[in-house]
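Participant: Provided herewith is a single structure, encoded as structure tokens, for subsequent inquiry.
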Amino acid sequence: MRGNRVNIDFHTVFSYAFRPFFLLIGIYAVLMVSAWGLYLGGMLPMPGGLPATLRHGHEMLFGFAAGAIAGFLLTAVATWTGRAPVNGVWLAALCGVWLTARLAAFWPGELGLLLWCGTSLAFWAGLLGLMAKQVIAAGNARNYKVLPLLAAFLLSDGYFFAAAAGYAAGMQTALRIGLFLVLGMIFLVGGRIIPSFTQNWLRANRPDVTVVLPAFDRLDLAAVCVSALFGVGFVCWSGHWLSSATGGLAALLQGLRLLRWRGWLARREPLLWVLHLGYAWIPLGFALLALGLGRQHAGWLDAGLHALTYGAIGTLILGVAARVALGHTGRPIQALPGMAPAFELMTLGAVVRVLAAVWPGSLPYLLSAGLWVIAYGWFLRLYMPILLAPRQ
């Protein structure tokens, strides 16, 4: 790279999964949410055949979040197993399938739906196969639990498309399953990296702090298990009072889990506080969903869903991508100038979107979409040269 000029090289771009996938999801985050904002403002139509909200929900969970999961897992598995990373033609093929599915999602007609279904399912099957090859070949039993999660993504995505023949409630169920599968990935991966990253930063930058953050223990296990039970209740028995009670307990346990990671001690580093702040949307989202289920209030349910999707998933993907790209390209792991404001705008956008439940009119929807687009657009501006350039 000379000045601001980047020479794009196939072997560099497809050397690690984080490079193409973080670039693709950054672009998709900007384009998809811009289109959604224009649709909500009555300025852009959505393809017919499926309700627009279900199409949007699928693409945020099984499209945007799926690309982030692929970029992270296929990068991390090389560290977990000590094997060579998934790269080259296989990685390029998986990216191509993912990209084709995103384009097909907005291709009208039955042909578009068939192409969307086939490529979306092929992506999950390909990711599952690549991950299985890595962890099984290495005998890496600790990470076998990733495989059933990916298989569940494949099955729930298949259920979404099977229900697309006219069963809107089935598609809604598939999206609820997909939401809790993404959250399950956050519980699994975030519960490992957030306290670990925080502990490492404290040792290097805060010698005055001698605290040792807890490893995964019974409280973490209880938080994950109760959250999983809440997910089952939210999908299958959303009208039962037990689902609401389980959601309240899950919110409490996830909040206690987060407090034990002591994120306030690392508030000087944006790459860390954004992870703690992103995770904080999970207990808040669970609490809002519990209130919505208890009162059967659509506004609270909408607020809870977007606390989890926009707040937790959107913020954590932005924060993890910003950190992983620096660490795996040999750069100092500290926030680039301008990323802290992007994290702040993302948080503000999540607050606005959650408040839309009680804020009349279209303004909060358009404002929150605009803030998301600015945050991810700024990520692209800063990180595109890093993702396309060789390791320093």
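Participant: Of the residues VAL274, VAL235, which single one is buried (at least 22 other Cβ atoms within 10 Å of the Cβ), among the β-branched types (Val, Ile, Thr) and under 25 Å from ALA356 (Cα atoms)?
Facilitator: One residue alone meets the criteria, VAL274.
Participant: How many of the residues making up the stretch 287-343 are more than 19 Å from the chain's Cα centre (by Cα), part of a helix (DSSP H, G or I) and charged (D, E, K, R)?
Facilitator: Counting residues in the stretch 287-343 that are more than 19 Å from the chain's Cα centre (by Cα), part of a helix (DSSP H, G or I) and charged (D, E, K, R) gives 1.
Participant: From the list ARG391, ARG323, ARG353, pick out the single residue that is among the charged types (D, E, K, R), on the phi < 0 side of the Ramachandran plot, surrounded by fewer than 17 Cβ atoms within 10 Å (Cβ to Cβ) and touching a residue at least 40 places away in the same chain (Cβ under 8 Å). Before you say what the answer is, go through the steps one by one.
Facilitator: Details: ARG323 fails: surrounded by fewer than 17 Cβ atoms within 10 Å (Cβ to Cβ); ARG353 fails: surrounded by fewer than 17 Cβ atoms within 10 Å (Cβ to Cβ).
It is ARG391.
Participant: Consider VAL182 carefully, then state whether it is part of a helix (DSSP H, G or I) and at pLDDT below 95.
Facilitator: Working: part of a helix (DSSP H, G or I): yes; at pLDDT below 95: no.
Criteria not met by VAL182.
Participant: If you scan the stretch 297-316, which residues turn out to be in contact (Cβ under 8 Å) with a residue 12 or more places away in the chain and over 16 Å from LEU277 (Cβ atoms)?
Facilitator: Across the stretch 297-316, the qualifying residues are GLY299, TRP300, LEU301, ASP302, ALA303, GLY304, LEU305.
Participant: Which helices (runs of 4 or more DSSP H) does the stretch 1-108 wholly contain that include 1 or more residues that are of a type outside the set (D, E, K, R) and over 21 Å from the mean Cα position of the chain (by Cα)? Before you say what the answer is, go through the steps one by one.
Facilitator: On the way: elements: 10-13, 18-40, 52-58, 66-81, 88-104.
The helices (runs of 4 or more DSSP H) meeting that bar are 10-13, 18-40, 66-81, 88-104.
Participant: Another question, then. Considering each residue of the stretch 56-95, count those that are surrounded by fewer than 17 Cβ atoms within 10 Å (Cβ to Cβ) and within 17 Å of ARG176 (Cβ to Cβ), and give that number.
Facilitator: Total satisfying the criteria: 0.
Participant: Same structure again: Among (1) in contact with a helix residue (DSSP H, G or I) (Cβ under 9 Å, 6 or more places away or on another chain); (2) surrounded by fewer than 18 Cβ atoms within 10 Å (Cβ to Cβ); (3) farther than 20 Å from LEU284 by Cβ; (4) not small (Gly, Ala, Ser), which single condition is LEU221 missing?
Facilitator: Status for LEU221: all satisfied but (1).
Participant: Checking ILE194 against (1) touching a Leu at 6+ places or on another chain (Cβ under 7 Å); (2) in contact (Cβ under 8 Å) with a residue 24 or more places away in the chain; (3) within 29 Å of THR119 (Cβ to Cβ), which test does it fail?
Facilitator: For ILE194, the exception is condition (3).
The values are calculated or read from the model by the stated rules, or taken from the named source; none is laboratory data. Just so it is clear, the model here is predicted, and its values are computed rather than measured. Neighbour counts are summed over all protein chains in view; Cβ atoms, including those assigned to glycine, are modelled from backbone coordinates with ideal geometry.
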